[in-house]
Amino acid sequence: MTPPISRRNLLLGSTAAGALAWTGVPAASASAVGQPFAAEQPFAAALDYESPAAFAAAQSAYLAIDPMHNEAGLYAWGEAYFMLGLLRMYEAYQDEQYLRTFEERAAHVIRTTDHARGVKDYAGRSGKVWRTASNYTAGHGVLLDGAGKAAIQLRWAGTRSAESTAEVLNVSGDTFDLVLRNPVTTTVVTLRGVSLDPGAATYVVPAVNAAYATAARWTAVDLRKSPRRSGPPSAGTTTFTPQYYVFAVHTGQVAYPLARYARMVLKTPGLNRGARRRKALDVLSAARDAVAFHDREYQTRPDGGGDYVWPKGAPIPFDGLIQPYNQSQGLGLAMVELFRATGEQRYRTRVNEMLISYRAGLTLEADGAYVWNYWPPYSELGRGYSREEGLSEYTPFYPASRQREDISHAAISLEFVHAAFEAGIDDGLGQDMDRFAATFRQNVVRSATEIWYRVDGTVDAVPANAVQCARWMPYAERDSIVHEQTLRLYDAVQLVPVQGSHALGIAYLNWAKQQGWLNQ
């Protein structure tokens, strides 16, 4: 790890090497939405990122996307950030235009829950939440038997699941060849002479499951109630259909700004009246309903901690396993605000349990900084697990995954810790706040206009990753380097905002400049 640079060197540092000192990844890969960096748009006008005008530009760009649902994750990773940005702009300037826009967006997301749209998840539930599919869920393809009835469900539990195919070839007697393809991997799985007969040595279900690998996540199950010998499928290609699932972290991302708005209005005498009070109560109800949808997924630990656990059999990678810190804490964020708005202790209890779990994975370095892994060290992914343990249907086994957390996912965890501190939920969080601020100074800052991607000060951060450091801004109150470094970085890359997270980053720069923490 490169030694951290001093505040003096940062403030006096030269950028003569160029506005973009990034290495390793070409700028063209910086964003999946649009072309967000001025280095790619030479005629883009420079923005004063600490101005309401910059946020207005970001707002206009985000609203042009016009997301209507969360099925590609646009609410979780776009709308939620934009809504939080509106609240941070209100805290910065006390201008009610931001609350009015928030109220419009909140009404939109509430009108487009699964329940309101009349759509269902994989289990047939139509909750007051926001389902997803796309790259987040497994895809299913079904092999028909000789009579045209559904026999075998083939599954790919990885990205681009809808682009998976299963080709039946060389049908002969009761056997056939099966070729499985997915564009994520160049490995094509070819199973020769397989059968639909459970009694055959070449029964297709164990043959597919034996082909599973961590980079080729093929599995299969028999859909027949009484599997028996039947005619083979006809030759041809089966396409896959992505399944629908409601992720706790997606719900938390959206419910957090909803609950925060409700608390702000209901606990602020100047706002808690008339139509706005009625809106706040409706928004509060929506946040409560959304959080409650995931109650069955929560599990406590013997050490007093708690985590959200994906249901076994859910059509997602890592079903049946403990979720990473940031995903549990995404829902924890909403619970902090629900506790503040309602005073109900059950929300506080869960937040405290999540804090216990988080502390179990934090390592304090000699320089006072915290580092931690993406997966909790006590989780199945933290230690690795075998097929024989029978923990997951869609990911039957997986090696230990001990990579350090990245700055973007870390921002969810740090927003959670800051929100809990703000709510007075844990008396020891003040010291933790200082240590997370030290993580930014010692491990995230790389040079005057660069940052590292991981919280241990490793891996190059391309601009699309780097600009997410703005979401660490709640810690600017503890150490102004968070604000200073983020502003230098934004100026260096000349971000042209096109995403919800860009709007939030700009809102946070305004918030820090105006010391928005004084108005929370």
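The values are calculated or read from the model by the stated rules, or taken from the named source; none is laboratory data. Here the structure is a predicted model, which is why all the values come from computation and not from measurement. With ideal geometry, Cβ positions are generated from the backbone for all residues, glycine too; neighbour counts draw on all protein chains shown.
Got a sec? Which of Ser447, Ser413 is farther than 18 Å from Val371 by Cβ and either touching a residue at least 12 places away in the same chain (Cβ under 8 Å) or buried (at least 18 other Cβ atoms within 10 Å of the Cβ) (or both)?
Going through Ser447, Ser413 in turn, the sole match is Ser447.
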| task | Could you tell me whether Gly193 is more than 22 Å from Ala133 (Cα to Cα) and surrounded by 15 or more Cβ atoms within 10 Å (Cβ to Cβ)? | result | yes
| field | Qualifying residues in region 280-298 (those that are under 19 Å from Phe102 (Cα atoms) and among the hydrophobic types (A, V, I, L, M, F, W, C)) - the one surrounded by the most Cβ atoms within 10 Å (Cβ to Cβ) | value | Ala287
| said: Going by what's in this entry, would Gln468 be described as touching an Asp or Glu at 6+ places or on another chain (Cβ under 9 Å), among the polar types (S, T, N, Q) and farther than 19 Å from Thr363 by Cβ? | reply: yes
| request: Working carefully through the options Ser392, Ser401, Ser408, find the one that is assigned to a loop (DSSP other than H, G, I, E, B) and either in contact with a helix residue (DSSP H, G or I) (Cβ under 6 Å, 6 or more places away or on another chain) or not assigned by TED's automatic domain parsing to the domain that holds Cys469 (or both). | output: Ser401
| message | Please pick out the residue among Gly424, Gly330 that is part of a loop (DSSP other than H, G, I, E, B) and out of contact with any Asp or Glu (no Cβ under 8 Å at 6 or more places or on another chain). | response | Gly424
| query | Considering region 146-161 alone, what residues qualify as being surrounded by fewer than 19 Cβ atoms within 10 Å (Cβ to Cβ) and touching a strand residue (DSSP E or B) at 6+ places or on another chain (Cβ under 7 Å)? | reply | Ala150, Gln153
| task | Go through (1) of a type in the set (A, V, I, L, M); (2) closer than 30 Å to Leu86 by Cα; (3) touching a Leu at 6+ places or on another chain (Cβ under 9 Å); (4) without any contact (Cβ under 8 Å) to a residue 12 or more places away in the chain and name the single condition Ala275 misses. | result | (3)
| said: Quick check on region 116-146: of everything there that is polar (S, T, N, Q) and in contact with a Pro (Cβ under 7 Å, 6 or more places away or on another chain), which residue is nearest to Glu71 (Cα to Cα)? | reply: Ser134
| request: Answer yes or no as to whether Gln323 is under 17 Å from Arg346 (Cα atoms) and of a type outside the set (Ser, Thr, Tyr). | output: no
| query | Out of all the residues in region 203-224, is one or more under 19 Å from Ala138 (Cα atoms), in contact with a helix residue (DSSP H, G or I) (Cβ under 9 Å, 6 or more places away or on another chain) and of a type in the set (Val, Ile, Thr)? | reply | yes
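Residue check: is Arg359 within 15 Å of Gly252 (Cβ to Cβ) and either part of a helix (DSSP H, G or I) or in contact with a strand residue (DSSP E or B) (Cβ under 6 Å, 6 or more places away or on another chain) (or both)?
no
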| remark: When region 306-319 is checked residue by residue, the ones that are crowded, with 21+ Cβ neighbours inside 10 Å and assigned to a loop (DSSP other than H, G, I, E, B) are Trp310, Ala314, Pro315, Ile316, Phe318
| task | Could you look through region 452-492, keep only residues that are surrounded by fewer than 24 Cβ atoms within 10 Å (Cβ to Cβ), among the β-branched types (Val, Ile, Thr) and out of contact with any Ser or Thr (no Cβ under 7 Å at 6 or more places or on another chain), and pick out the one that is nearest to Ala507 (Cα to Cα)? | result | Ile481
| request: Would you be able to say whether some residue in region 82-97 is at pLDDT 95 or above, of a type in the set (Asp, Glu), in the same structural domain as Leu271 (by TED's automatic domain parsing) and within 17 Å of His502 (Cβ to Cβ)? | output: no
| query | Among Thr237, Thr219, Thr251, Thr202, which is the only one that is at negative phi, assigned by TED's automatic domain parsing to the domain that holds Gly274 and of a type in the set (Val, Ile, Thr)? | reply | Thr251
| message | Go through region 470-503 and report how many residues are within 20 Å of Ala420 (Cα to Cα) and outside any loop (DSSP other than H, G, I, E, B). | response | 9
| Residue count, region 128-161 (criterion: under 24 Å from Val249 (Cβ atoms), at pLDDT 95 or above and of a type in the set (Gly, Ala, Ser)) | 5
| Is it the case that region 335-347 has a residue that's of a type outside the set (Asp, Glu), under 18 Å from the mean Cα position of the chain (by Cα) and either surrounded by 17 or more Cβ atoms within 10 Å (Cβ to Cβ) or on the phi > 0 side of the Ramachandran plot (or both)? | yes
| field | Search result, residues across region 283-318 that are among the charged types (D, E, K, R), out of contact with any strand residue (DSSP E or B) (no Cβ under 7 Å at 6 or more places or on another chain) and under 19 Å from Ser126 (Cα atoms) | value | Arg288, Asp289, Asp295, Arg296
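Can you find, within region 122-135, the residue that is nearest to the chain's Cα centre (by Cα) among those that are crowded, with 22+ Cβ neighbours inside 10 Å and not small (Gly, Ala, Ser)? I'd like the intermediate steps shown before the answer.
Filtering region 122-135 down to residues crowded, with 22+ Cβ neighbours inside 10 Å leaves 129-133.
Within this subset, residues satisfying the condition of being not small (Gly, Ala, Ser) are 129-132.
Values: Val129: 15, Trp130: 14, Arg131: 14, Thr132: 12 Å.
Filtering first and then ranking leaves Thr132.
For the condition charged (D, E, K, R), surrounded by 20 or more Cβ atoms within 10 Å (Cβ to Cβ) and either in the same structural domain as Arg404 (by TED's automatic domain parsing) or more than 27 Å from Gln97 (Cα to Cα) (or both), what is the one hit in Arg301, Arg277, Arg260, Arg273?
Within the list Arg301, Arg277, Arg260, Arg273, the selection yields Arg260.
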| message | Scan region 174-190 and tell me whether some residue there is more than 32 Å from the chain's Cα centre (by Cα), loosely packed, with under 14 Cβ neighbours inside 10 Å and part of a loop (DSSP other than H, G, I, E, B). | response | no
| request: Would you mention how many residues in region 363-378 are within 21 Å of the chain's Cα centre (by Cα) and not in a strand (DSSP E or B)? | output: 6
| request: Look at region 201-230 and say how many of its residues are buried (at least 17 other Cβ atoms within 10 Å of the Cβ), small (Gly, Ala, Ser) and within 15 Å of Ala151 (Cβ to Cβ). | output: 3
